[in-house]
Amino acid sequence: MTGKKITVSKTFLALLLSLMTLSMFVPIVNLFAKSLSHPNQVHLLRGYEVLPRGFSLINFEVVLHNPIIVRAVMNSLFITVTGTLLSLLFTTMSAYVLTRKKLVGKTPLMVFLIVIMIFEPGIVPEYMVIKSLGLLDNLWAMVLYRTINVFYLIIMMRFIEEIPDSLLEAAKIDGAGHVKLFTRIVLPLSRIPLLTIGMFYAVARWNEFFKSSIFLSSRDHTVLQVLLRQFIVERDTTAMIDAAELLKNSGIAQLDFGSLKAATIVIAMIPILMLYPIILKYYTKGVMDGGVKE
Amino acid sequence: MKAVRTTAPAQIRGSSRWKQVWSDKVLYVMLVPAIAYFAIFHVWPIYGMKLAFYDYRILGDHEYVGLKYFRELFSTPIFSNIIKNTLIISAMKLIIIFPIPILFALMLNEFRNGVFRKMVQVVAYLPHFLSWVVIAGIWFEFLSPSTGAVNEGLKAIGLPPHDFLTDKESIRWVLVASEAWRSAGWDSIIFFAAIMGINPSLYEAAYVDGANRWHIMTRIILPHLYIPMVTIFTLNVGFIMNAGLDQILNFTNDSVNSSIDVIDTYVYRIGLINSQYSFATAANLFKSVIGVILVLSTHFISKKLTSKGAW
């Protein structure tokens, strides 16, 4: 009797969970379907459908022939790659220094970092600083802005603290200085946290939209998220019209703006979907193993 | 050891300190990029907040005006509406969203070892990594009055379609729902990890004593979730002044702006769009000070309740 009761409640739970999952899954897949549908049939595609109507890559072709979109993708990639590498280097380097036990001034430095973490000066003073540095409308503003995340720095410190002292001592006796200890021992041993934190830095930089929209003003320096906002929120299609002209001679009477938009969103999601398996593998495992002790 | 130190003259102690600094000089050099970064991108803007007490001029010296901008701020009727919106949206998110990851983790726990659990997790964590622009794009389609899945559902049960995005009443619920959609799965990780960390022998012992599943949940699992629950709840209270800038900027439109305009969007609008730098900085300073007070006090409350702080 109790056995049957459990299966009934379990079935109910499974249904509930499936429903929640579908509510996340269907809208995303529907967008993919929309971007892959043929322009003449896309109006038949309902919001809950997951398969494209009349498969066609024409939307992606149009989007990727648009120099403005390509430019924005390249800018986003530049900021993401350069920014993530810089972030990782500075974060690990300072984490190594801040975990040295005899370091004079460590406590005030840590207090300073906590203060910085919780006190937000806000957008106007930040804008003024970028302006004073002459970095307005310069991609480097977005590379340098928020290079070190204090929270990730602390996570990195906790990891480096786990490296056995004996290992570092042995290298020291062999004559290694701090630079060698850092590059030859700490960095190679930190591959997993580097990958995890790197993912988070990369995702944050790829997704950054508000600060990019403020610091980068010209069309040449726009990034994908800002351009997307123009399409989606402001419904400004001017950037798309040129592309539609380009396709006049391809035999398709009219392009569907909705599916062009969907194709652009899909392009913005591709790097995330590529990084996602690595995030799942390392981060969730890390939380499962490490979070328990907290 | 202690005796040696106390008998050592102060001079020698001082010089050994400098000796330590000198022998660690490479370390300080390695810290230079970080120090430079924090000085330029964090300390300098904090110094720049003095603009709240000065009249901003492009050329020449700024004139000190004391609390003028704060007085103006508090006498503006818009500002009280902004504060109200911020608190309402934050409170809605806090109260409605908080239990969802916990329930989600509890439900997942019933399917511990299956492929089903892994599939659910893979899908549920994904939205956390999408930008608000992309999420807005997905939700605009999802809620579209003509083709969106939600309105298809409404039509199917015989209700008229509704444009949730342009309705002042429903837009706040859209903010709450999309926030839950984005973060509930991801936030459940910490609770799920806590459940997985419970020693299985506790369950066995309870079963031997005649406990049923309900007893297991209320007497064993929930007590184990107490610490993460308190920590995360207090942390969220600490950030109540942040109602979600990126999200609101992407979900807003002229017809709903008055019901979802929060401090952050207000500062952005009057500061960077209308160039009223001093006024915007004053609004932001007010927000930051309240924010710090909230974060610090919730940190200490959390510490009291769980003997662990938020950091």
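The values are calculated or read from the model by the stated rules, or taken from the named source; none is laboratory data. Quick caveat, the model's predicted, so the values are computed rather than measured. Virtual Cβ from ideal backbone geometry, glycine too; neighbours counted across all protein chains shown. Surface accessibility is based on the protein's heavy atoms, side chains included, excluding ligands, DNA and RNA. Shrake-Rupley method; radii C 1.70, N 1.55, O 1.52, S 1.80 Å.
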## Note on the structure
Rounded to the nearest 10 Å², the accessible area of A:Val111 using a 1.4 Å probe with every protein chain kept is 90
### trypsin sites (Lys or Arg not before Pro) within region A:97-156, DSSP loop, no more than 16 other Cβ atoms inside 10 Å
A:Arg100, A:Lys101, A:Lys102
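Just list whichever of B:Lys93/B:Lys287; A:Lys101/A:Lys180; A:Lys102/B:Lys50 have alpha carbons separated by over 29 Å in the model shown.
On the way: B:Lys93/B:Lys287 19 Å; A:Lys101/A:Lys180 18 Å; A:Lys102/B:Lys50 37 Å.
From B:Lys93/B:Lys287; A:Lys101/A:Lys180; A:Lys102/B:Lys50, over 29 Å: A:Lys102/B:Lys50.
Report the B-A buried area as the accessible area lost on both sides summed, probe 1.4 Å, in Å² to the nearest 100.
On the way: alone 19460 and 18190 Å², together 29740 Å².
Chains B and A together bury approximately 7900 Å².
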### Task
Excluding A:Ile197 itself, calculate the net charge of residues whose Cβ lies under 12 Å from the Cβ of A:Ile197, where each Lys or Arg counts +1 and each Asp or Glu counts -1.
+2
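Efficiency by 1/(1 + (r/R0)^6): what FRET value for A:Leu89 and B:Leu154, r their Cβ-Cβ distance, R0 = 60 Å, to the nearest 0.05? Numbers along the way, then the final one.
Details: r = 52 Å, r/R0 = 0.87.
Once the sixth-power term is evaluated, E becomes 0.70.
At a 1.4 Å probe radius, which order do B:His162, A:His43 fall into by accessible area, largest first?
Working: B:His162 65, A:His43 120 Å².
Listed by decreasing accessible area, they come as A:His43, B:His162.
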### Message
I need the Debye-formula profile for region A:62-289: one equal scatterer per C-alpha, no solvent, reported as log10 I(q)/I(0) at q = 0.14, 0.15, 0.16 1/Å, two decimals.
### Response
-0.99, -1.07, -1.16
#### Entry: 11 Å beta-carbon shell around B:Met92, net charge (K/R +1, D/E -1)
+1
### chain B: Rg to Rh, with Rh as the Kirkwood radius over Cα pairs
1.09
### Shape metrics for region A:1-147, restricted to C-alpha atoms - Rg then Dmax, Å
25.7, 75
## Note on the structure
Simple SL model, points at 7 angstrom along Cα→Cβ for A:Phe112 and B:His128; separation in nm is 3.2
### Query
Regarding region B:153-226, what are the three Cα extents along the principal axes, ordered largest first, in Å?
55, 27, 17
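Per residue of A:200-210, how many C-beta atoms from partner chains lie within 10 Å of its own C-beta, taken as a mean? Intermediate values should be presented prior to the final figure.
Values: counts 1, 0, 0, 4, 2, 0, 2, 8, 2, 7, 8.
Whole-number average of other-chain Cβ neighbours for A:200-210 is 3.
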### Task
Please work out how much length the chain gains when fully extended from A:Arg184 to A:Phe257, using 0.36 nm per residue of separation minus the C-alpha to C-alpha distance, in nm with one decimal.
21.0 nm
### Message
On a 1.4 Å probe surface of the protein chains, which of B:Thr76, A:Thr238, A:Thr91 comes out largest in accessible area, and what is the full order?
### Response
A:Thr238, B:Thr76, A:Thr91
### Task
Give the distance, in whole Å, between the Cα centre of region B:82-112 and the Cα centre of region B:227-287.
19
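Please sort through the DSSP H helices of chain A and keep those with an alpha-carbon extent of at least 30 Å along the long axis and a Kyte-Doolittle average not below 1.6.
Values: long enough: A:2-36 (49 Å, 1.16); A:67-98 (45 Å, 1.53); A:257-279 (33 Å, 1.93).
Sorted by number, the helices that extend far enough and score high enough are A:257-279.
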### Sequence-separation-based contact order of region A:1-56, relative, with Cα cut under 8 Å and 6+ spacing, percent
30
## Note on the structure
Under a Gaussian network model of chain B whose springs join Cα atoms within less than 10 Å, the largest fluctuation of B:Ser90, B:Ser170, B:Ser16 belongs to B:Ser16
### Task
Let me know the mean shielding of A:265-276 by other chains, meaning the per-residue number of their Cβ atoms within 10 Å of its Cβ.
3
### Task
Enter the per residue convex hull volume of the protein assembly as shown, computed from alpha-carbon coordinates, in Å³ rounded to the nearest integer.
212
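So what is the 222 nm mean residue ellipticity for chain B from helices alone, if each DSSP H run of at least 4 adds -39500 (n - 2.57) and you divide by all residues, rounding to the nearest 500 deg cm²/dmol? All intermediate terms of the calculation are to be shown ahead of the outcome.
Numbers: 17 runs with 208 residues, N = 311.
Taken over chain B, the calculation gives -21000 deg cm²/dmol.
With every protein chain kept in the model, how would you rank A:Arg219, A:Arg53, B:Arg182 by accessible area, 1.4 Å probe, largest at the top?
On the way: A:Arg219 105, A:Arg53 80, B:Arg182 50 Å².
Order by accessible area, largest first: A:Arg219, A:Arg53, B:Arg182.
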### Query
Along the principal axes of its C-alpha atoms, what lengths does region A:1-56 span, in descending order and rounded to whole Å?
57, 15, 14
### Query
What is the calculated FRET efficiency for A:Asn138 to B:Val32, with r their C-beta to C-beta distance and R₀ = 30 Å, to the nearest 0.05?
0.85
#### Entry: Residue-averaged beta-carbon neighbours from other chains (10 angstrom radius) around A:254-263
1
### Message
Within chain B, which whole H helices from DSSP have a Cα span along their axis of at least 18 Å and a mean Kyte-Doolittle hydropathy of 0.0 or more, if any?
### Response
B:25-38, B:77-97, B:170-196, B:222-238, B:277-306
### Estimated distance in nm for a label pair at B:Tyr47 and A:His43, the labels positioned 7 Å out from Cα along Cα-to-Cβ
6.2
### For A:Thr80, net neighbour charge (Lys/Arg +1, Asp/Glu -1) across residues whose Cβ lies under 12 Å away
0
